[in-house]
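Report on the following structure.
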Amino acid sequence: MKKKVMVVDDSRILQMQIGKILSGTDYEVACYCQSGEEAVEKYGEVKPDVVTMDIIMPGMDGLEATRKILEKDSEATIIMVSSLAYDDTLEEAKRIGARGFIGKPFERQQVLGALEEVLAET
């Protein structure tokens, strides 16, 4: 059975990139969200195995959305995806409870490796 992935990014192009990377793998995109608010709202109904969460988005950012999702489900598996590879941002994401990080721009193996790594820990 394929693992369900919720892709949260305000960029349709990046959503499509991740969808293309996951095509033909053991993962399927269960839901695309364009904002932190939408991700928090849909998380409970989608019940994904893993969430890829952009950090910088209009409205609620990815760090705040991650906090809110983890308040609802402390077992949620969330991977931050961002071009902001600053140490303080990564530390904040880890402190909140994110399980991994993918830097933009990303390549296929980087995304699949991050998914495999965090799901192996659960």
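The values are calculated or read from the model by the stated rules, or taken from the named source; none is laboratory data. Not measured: the values here are computed from a predicted model. Neighbour counts run over all protein chains shown; Cβ positions are idealised from the backbone, glycine included. Please note that ligands, DNA and RNA were not included when accessible areas were found on the heavy atoms of the full protein model with its side chains. Shrake-Rupley method; radii C 1.70, N 1.55, O 1.52, S 1.80 Å.
The set of residues in the range 43-72 that are among the small types (Gly, Ala, Ser), out of contact with any Lys or Arg (no Cβ under 9 Å at 6 or more places or on another chain) and either under 22 Å from TYR27 (Cα atoms) or open to solvent by 30 Å² or more (accessible area, probe 1.4 Å) (or both) comprises GLY59, GLY62. Screening MET1 on (1) without any contact (Cβ under 8 Å) to a residue 24 or more places away in the chain; (2) touching a Ser or Thr at 6+ places or on another chain (Cβ under 7 Å) shows it passes everything except condition (2).
A Cβ distance below 9 Å, combined with a sequence gap of six or more or placement on separate chains, defines the contacts here; from the range 101-122, residues that are farther than 16 Å from SER23 by Cα reach no residue that is among the aliphatic types (A, V, I, L, M) and open to solvent by 100 Å² or more (accessible area, probe 1.4 Å).
Annotation: ASP49 fulfils all but one of (1) within 20 Å of MET1 (Cα to Cα); (2) among the acidic types (Asp, Glu); (3) without any contact (Cβ under 8 Å) to a residue 40 or more places away in the chain; (4) in contact with a helix residue (DSSP H, G or I) (Cβ under 9 Å, 6 or more places away or on another chain); the unmet one is (3). Can you tell which of PHE101, PHE106 is assigned to a loop (DSSP other than H, G, I, E, B) and surrounded by fewer than 21 Cβ atoms within 10 Å (Cβ to Cβ)? After ruling out the rest, the residue left standing is PHE106. Of all residues in the range 73-98, those satisfying the criterion of being under 24 Å from GLY44 (Cβ atoms), open to solvent by 20 Å² or more (accessible area, probe 1.4 Å) and outside any helix (DSSP H, G or I) are ASP73, SER74, GLU75, GLY97. Examine the range 41-48 for a residue that is under 11 Å from the mean Cα position of the chain (by Cα), modelled with pLDDT of 95 or more, farther than 17 Å from PHE101 by Cα and not β-branched (Val, Ile, Thr), and state whether such a residue exists. Scanning the range 41-48, I find at least one residue that is under 11 Å from the mean Cα position of the chain (by Cα), modelled with pLDDT of 95 or more, farther than 17 Å from PHE101 by Cα and not β-branched (Val, Ile, Thr), so the answer is yes. For the range 2-24, the tally of residues that are under 16 Å from GLU116 (Cβ atoms) and of a type in the set (A, V, I, L, M) stands at 4. Scanning the range 22-38 for residues that are part of a loop (DSSP other than H, G, I, E, B) and either in contact (Cβ under 8 Å) with a residue 40 or more places away in the chain or among the polar types (S, T, N, Q) (or both) yields SER23, THR25, GLN34, SER35.
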